[in-house]
1. Name every residue in segment 134-153 that is under 16 Å from residue 71 (Cα atoms) and assigned to a strand (DSSP E or B), in order of residue number.
2. Any chance you could count how many residues in segment 36-65 are in contact with a strand residue (DSSP E or B) (Cβ under 8 Å, 6 or more places away or on another chain) and part of a loop (DSSP other than H, G, I, E, B)?
3. Inspect all residues belonging to segment 67-82 and state whether any of them is surrounded by fewer than 15 Cβ atoms within 10 Å (Cβ to Cβ), under 23 Å from residue 135 (Cα atoms) and free of Cβ contacts under 8 Å to residues at least 40 places away in the same chain.
4. Step by step: first the residues of segment 99-112, then only those that are assigned to a loop (DSSP other than H, G, I, E, B) and either farther than 16 Å from residue 55 by Cα or in contact (Cβ under 8 Å) with a residue 40 or more places away in the chain (or both), then the one that is farthest from the chain's Cα centre (by Cα). Which residue is that?
5. Would you check if residue 49 is under 29 Å from the mean Cα position of the chain (by Cα) and closer than 26 Å to residue 98 by Cα?
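Read the figures in this text as sums done on the coordinates, not as results from a lab. None of these values were measured; they are calculated from a predicted model. In this analysis, Cβ positions are derived from the backbone assuming ideal geometry, glycine residues included, and neighbour counts consider all displayed protein chains.
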């Protein structure tokens, strides 16, 4: 009887299935943070009636693989207006020149994207664009005053 059990035990070990395997996996992940920044030129004084003049540069960077859209907006709809009073009807229209696009008066915000600025999609490293303006004639008498406008530049990933 002992021989039968011993033989059965040996046969069960030999007959154990050889396909008892196990596997597992590990997912490796990482993240590159989205960087979309724009730096506008410093505040500057412009000369009325002097034609095209540089006002500084805009530096942009955006690592979105789908590119970006930038906007430049004027607080006074593209006019230099008297900063001390709203009763002065005189304003000076001006246009803004951005590389890759025609000069814009900014009566509404002007939107330009990565293809307008000569980029196919994204700016993995920061790129600097010169900005210039041309100031036109006054819309009325040349009253004394400080005429100004605020330009706001923004950049958003597409």
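1. 151, 152, 153
2. Of segment 36-65, the ones in contact with a strand residue (DSSP E or B) (Cβ under 8 Å, 6 or more places away or on another chain) are 36-42, 44, 46-64.
In the following step, the residues that additionally are part of a loop (DSSP other than H, G, I, E, B) were identified as 40-42, 44, 46-50, 63-64.
Total satisfying the criteria: 11.
3. No - not one qualifying residue is present in segment 67-82.
4. In the first step, residues of segment 99-112 are kept if they are assigned to a loop (DSSP other than H, G, I, E, B); the result is 99-103, 105-109.
Now restrict to residues that are either farther than 16 Å from residue 55 by Cα or in contact (Cβ under 8 Å) with a residue 40 or more places away in the chain (or both): 100-102, 106-109.
Numbers: 100: 16, 101: 17, 102: 20, 106: 19, 107: 22, 108: 19, 109: 15 Å.
Per the stated criteria, the residue is 107.
5. Values: under 29 Å from the mean Cα position of the chain (by Cα): no; closer than 26 Å to residue 98 by Cα: yes.
Here the answer is no, as residue 49 does not meet what is asked.
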